[in-house]
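Bear in mind these aren't lab numbers, they're just calculated from the coordinates by the rules spelled out. Treat the numbers as computed from the prediction; the structure is a model and nothing was measured. A quick note on method: Cβ atoms are made from the backbone with ideal geometry, for glycine too, and the neighbour counts reach across all protein chains shown.
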Amino acid sequence: MKLRTIITVVLLVIVAASVVALVVKEANRPGGSQGTSAVAAPAEKDGVVAFYFHRNMRCATCNQMEAFTREAVEGGFAEAIKDGRLRFKVVNIETPGNEHFVDELKVASNGPYLAEYVGGRPVRSKYLDAVWNLYGDRATFSQYVQAELTAFMAGGKVGE
């Protein structure tokens, strides 16, 4: 009977520890019971930013699409990057402090987004959703990203 009591106590301690760990994790989660962080998001410099947004969990396709996007942006716009008119950033939207992108740019999916900032705030943005259909064709993928970025930087919109 003593062994049964010991096993019961050990199991109850494990369950209690699991509940405490879950409550602490939820309380520390952005938007959890503590509310949102009071730390303001850093303002972006004025100009165009080509973002590649992702989450903590990433598949091989997502990693490859990031590489294709980087190649298209950095390979096709080296001069604009050099002179500061364009920046390329890879951002994990699940990293604390990056939640503001979800609201500001309406980030709903992994992938490339374009955004123009004026006065540290986004004034327009675009999700390049066609990349998911072009993943199997690297050249067409690159052409699409570069055409969209060229039009975006000129103030126009391709594909809409």
At 7 Å along Cα-to-Cβ for each site, give me the label-to-label distance between ALA154 and GLN64 in nm. 3.1
Restricted to Cα positions, what overall size does the stretch 59-150 have along the principal axes? Three whole-Å values, descending. 35, 32, 18
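So if R0 is 45 Å, what FRET efficiency would LYS2 and ASN92 give, r being the distance between their Cβ atoms, rounded to the nearest 0.05? Display every interim value, and only then the final one.
Numbers: r = 51 Å, r/R0 = 1.13.
Computed FRET efficiency for LYS2 and ASN92 comes out at 0.30.
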What chymotrypsin sites (Phe, Trp or Tyr not before Pro) in the stretch 93-149 are in a loop by DSSP, with at most 15 other Cβ atoms within 10 Å of the Cβ? TYR135
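What does the extension gain come out to for ALA130 and VAL102, with contour length at 0.36 nm per residue minus their alpha carbon separation?
On the way: separation 28, 0.36 × 28 = 10.08 nm, distance 1.95 nm.
That pair, ALA130 and VAL102, stretches by 8.1 nm at full extension.
Summing +1 for each Lys or Arg and -1 for each Asp or Glu, what net charge is found among the other residues whose Cβ lies under 12 Å from the Cβ of ALA72? Could you put the intermediate results ahead of the total?
On the way: positive: ARG70, ARG138; negative: GLU66, GLU71, GLU74, GLU148.
Counting the neighbours of ALA72, the net charge comes to -2.
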